[in-house]
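Visitor: The structure's right below; bear with me while I get my questions together.
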Amino acid sequence: MGLDDRAALQVLRDAFRPDTELVHHFYSRWFALDPAVRDLFPPEMAAQRAVFGQAMRWLYGELVAQRADEPVAFLAQLGRDHRKYGVLPSQYETLRRALYSALRAQLGSAWSDAVQDAAEQSLNLFVGVMSGAADAEDAPAWWDGTVIEHNRVSRDLAVVRLRMDRPVDYHPGQYVNVQIPQCPRRWRYLSPAIPADPDGGIEFHVRVVPGGLVSNAIVGEARVGDRWRLSSPHGGLRVDRDGDDVLMVAGSTGLAPLRALIMELSRFADNPRVHLFFGARYPCELYDLQTLWQIAAHNPWLSVSPVSEYKNDPSWAADYPDVSPPRGLHVRQTGRLLDVVTKYGGWGDRQILISGGPTMVAATKAALITKGAPPERIQHDPLSR
């Protein structure tokens, strides 16, 4: 029965439980079969193994539920995106062999003819879709560019501008995977803070993530002249210009994709009303209020409410530029961002876009739903990218 055998597919899905060594064994077998593959991955594999295990468990869960559309779309995008690593067609075959071998060893006595059929057909599907999508894609596998500005706007926050060798085609609100020279083979998702520029300009806002090698390197070590590499864009944050008014909630550098969307909207005379809540820990970390003030001053459909958790700045704020805008924005409010937003209600009549760290996004979404916002009206990027 293969892909129609839900019981066999369930066995395969359960093999990817987080408490098993299956994924570790898979990578060990793959690197032994094809030693060149090891150079495609960072030295530390823990995060990679966790993400792969979650993806495989989700894929098999969708097959158990007999839902194929989303897995096929996901695998196709994965195949297109993996071109940036320089994956060779032969390496998809060694991946399939290593994963089949690891599954058979992991399942032991649970391995049956039915499970074997399901494993063979599912792995052929996974590898076939990925490699086929990679072969069929005409767009570049990556884009290279040069850092032309690096501005440390706060203690752990930087604005970085690049000039790409060729323009990157993306929609405002999307994100791209970025590799920097200080951290080879370690990719991190970042959201452009401006709409796509036909002249190749692009801007990123980056805040240090505790323990994050890439974010620390970007904020503390990146320099003008560095060469960065970007992969294909992902994500679907959008504003329906013919739809209802809009609520945007941005935590720290989560402002970037919402800022790009606002800049895109400013090209049009008529837009739905947009109310942006922009939050940070301290007033000095509301780093882009000057730009937001300039946009709001020329676009009456935009309202901006700054929010800081603390009323006053720390002593180190004196070392960085003053971010206070001229009069014209809403008065800055003090408190947790989600508390300030939800004290005005559930905003259930709005298009709602939330952007920031995973914890902030999840908490704000839950608070808005509790207040009555329909979940289907809330947009945000995947909480694990």
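The values are calculated or read from the model by the stated rules, or taken from the named source; none is laboratory data. As the structure is a computational prediction, the values presented were derived from the model and not from experiment. In this analysis, Cβ positions are derived from the backbone assuming ideal geometry, glycine residues included, and neighbour counts consider all displayed protein chains. For the accessible areas, the whole protein counts, side chains as well, though only heavy atoms, and no ligand, DNA or RNA atoms are used. Shrake-Rupley method; radii C 1.70, N 1.55, O 1.52, S 1.80 Å.
Visitor: Looking at the square roots a ≥ b ≥ c of the eigenvalues of the Cα gyration tensor of region 246-379, which shape do they give, rounded for a/c under 1.5, prolate if a/b is larger than b/c, or oblate? List each step's numbers first, then the result.
Guide: Details: a/c = 1.91, a/b = 1.18, b/c = 1.62.
Oblate shape, in that a/c is at least 1.5 and b/c is the bigger or equal ratio.
Visitor: Hey, if you put +1 on the Cβ of every Lys and Arg and -1 on every Asp and Glu Cβ in the chain, which of G279, A98, Y175 ends up farthest toward the positive end of that dipole?
Guide: Of G279, A98, Y175, it is G279.
Visitor: Mind giving me the FRET efficiency for F268 and D165? R0 is 41 Å, r the Cβ-Cβ distance, nearest 0.05 is fine. Mind dumping the intermediate values first?
Guide: Working: r = 30 Å, r/R0 = 0.74.
After rounding, the FRET efficiency stands at 0.85.
Visitor: Turning to a different aspect of this structure: Can you tell me the order of 293-306, 119-132 when each peptide is scored by its average per-residue count of other Cβ atoms within 10 angstrom, highest first? Please report the intermediate quantities before stating the final value.
Guide: On the way: 293-306: 16.7, 119-132: 18.6.
In descending order of packing, they fall as 119-132, 293-306.
Visitor: When the label point is put 7 Å from the Cα of R332 along its Cα-to-beta-carbon vector, which residues of region 292-306 have a backbone N closer than 14 Å?
Guide: It comes to 293, 305-306, nothing else.
Visitor: Could you compute how much accessible surface F52 exposes when probed at 1.4 Å, giving the result in Å² to the nearest 10?
Guide: 40 Å²
Visitor: Dipole of the chain, Cα-centred, from +1 at each Lys and Arg C-beta and -1 at each Asp and Glu C-beta, to the nearest 20 debye? Spell out each step's value before the answer.
Guide: Working: 42 positive and 45 negative charges, 179 e Å.
So the magnitude is around 860 debye.
Visitor: Answer with a single label: of (1) 18.9; (2) 27.8; (3) 20.6, which was calculated as mean projected area of the Cα convex hull in nm² from the structure in view?
Guide: Working out mean projected area of the Cα convex hull in nm² from the coordinates points to (3).
Visitor: Right, something else. Take the alpha carbon gyration tensor of region 6-136, find the square roots of its eigenvalues, order them as a ≥ b ≥ c, and report rounded if a/c is under 1.5; if not, report prolate when a/b exceeds b/c, else oblate. Don't skip to the answer; put the middle values down first.
Guide: Details: a/c = 1.62, a/b = 1.20, b/c = 1.34.
Verdict is oblate for region 6-136.
Visitor: Sticking with this one: So what is the 222 nm mean residue ellipticity for the chain from helices alone, if each DSSP H run of at least 4 adds -39500 (n - 2.57) and you divide by all residues, rounding to the nearest 500 deg cm²/dmol? Display every interim value, and only then the final one.
Guide: Values: 11 runs with 144 residues, N = 385.
Mean residue ellipticity at 222 nm (helix-derived): -12000 deg cm²/dmol.
Visitor: Can you list residues whose amide H is under 5 Å from S305's amide H, if they're 5+ apart or on another chain and H is modeled 1.01 Å from N?
Guide: Hits under the 5 Å cutoff: L276, F277, F278.
Visitor: Let me ask you something else. Set Lys and Arg Cβ to +1 and Asp and Glu Cβ to -1, take the dipole of region 6-136 about its Cα centre, and tell me which of G79, P42, Q121 lies farthest positive.
Guide: The residue sitting farthest along the positive end of the dipole is P42.
Visitor: So which lysines can K371 reach, going by Cα to Cα under 20 Å and dropping same-chain residues fewer than 8 places off?
Guide: K343
Visitor: With θ set to phi - 60°, apply the Karplus curve 6.51 cos²θ - 1.76 cosθ + 1.60 along region 205-219 and write out the HN-Hα couplings as whole Hz, x wherever there is a Gly or Pro.
Guide: Once θ is set to phi - 60°, the couplings for region 205-219 become 10, 10, 10, 4, 9, x, x, x, 5, 5, 5, 5, 5, 5, 6 Hz.
Visitor: Report the gain in length on full extension from S109 to A136: 0.36 nm times residue separation, minus Cα-Cα distance, nm rounded to one decimal.
Guide: Details: separation 27, 0.36 × 27 = 9.72 nm, distance 3.98 nm.
Computed gain between S109 and A136 is 5.7 nm.
Visitor: On the protein heavy atoms, probe 1.4 angstrom, tell me the percent of accessible surface of region 246-379 carried by carbon and sulfur.
Guide: Details: 3070 of 6090 Å².
Solvent-exposed carbon and sulfur of region 246-379 make up 50 percent of the total.
Visitor: Could you give the length gained by full extension between S28 and H298, i.e. 0.36 nm per residue of separation minus their alpha carbon distance, to one decimal place? Present the calculation step by step, with values, prior to reporting the outcome.
Guide: On the way: separation 270, 0.36 × 270 = 97.20 nm, distance 5.79 nm.
Stretched fully, the S28-H298 segment lengthens by 91.4 nm.
Visitor: Quick one: ranking R185, R166 by accessible area, 1.4 Å probe, largest first, what do you get? All intermediate terms of the calculation are to be shown ahead of the outcome.
Guide: Numbers: R185 90, R166 115 Å².
Sorted descending by solvent-accessible area, the residues read R166, R185.
Visitor: Treat every Asp and Glu Cβ in region 246-290 as -1 and every Lys and Arg Cβ as +1, leave all other atoms uncharged, and give the resulting dipole magnitude about the Cα centre to the nearest 20 debye.
Guide: Details: 4 positive and 4 negative charges, 10 e Å.
So the magnitude is around 40 debye.
Visitor: Further question on the same structure: Of the heavy-atom accessible surface of region 83-239 (probe 1.4 angstrom), what whole percent is carbon and sulfur? All intermediate terms of the calculation are to be shown ahead of the outcome.
Guide: Details: 3240 of 6710 Å².
Carbon and sulfur together cover 48 percent of it.
Visitor: Next question, about the same structure. Residues of region 147-163 with backbone nitrogen within less than 20 Å of a virtual label 7 Å along the Cα-to-Cβ line of Q290, please, listed as ranges.
Guide: In region 147-163, the label zone of Q290 (backbone N under 20 Å from the point 7 Å along Cα→Cβ) covers 148-162.
Visitor: Among P257, L22, V153, which residue has its Cα furthest toward the positive end of the charge dipole of the chain, with +1 on Lys/Arg Cβ and -1 on Asp/Glu Cβ?
Guide: Checked the options; the winner is V153.
Visitor: May I pose another question? For H380, H25, write out the residues from largest to smallest accessible area, computed with a 1.4 angstrom probe and no ligands counted. Could the numbers behind the result be given before it?
Guide: Values: H380 55, H25 85 Å².
Ranked list, largest accessible area first: H25, H380.
Visitor: Further question: Ignoring ligands, DNA and RNA, what accessible area per residue does the chain give at 1.4 Å, in Å²?
Guide: Details: 17920 Å² over 385 residues.
Counting only protein heavy atoms, the per-residue value for the chain is 47 Å².
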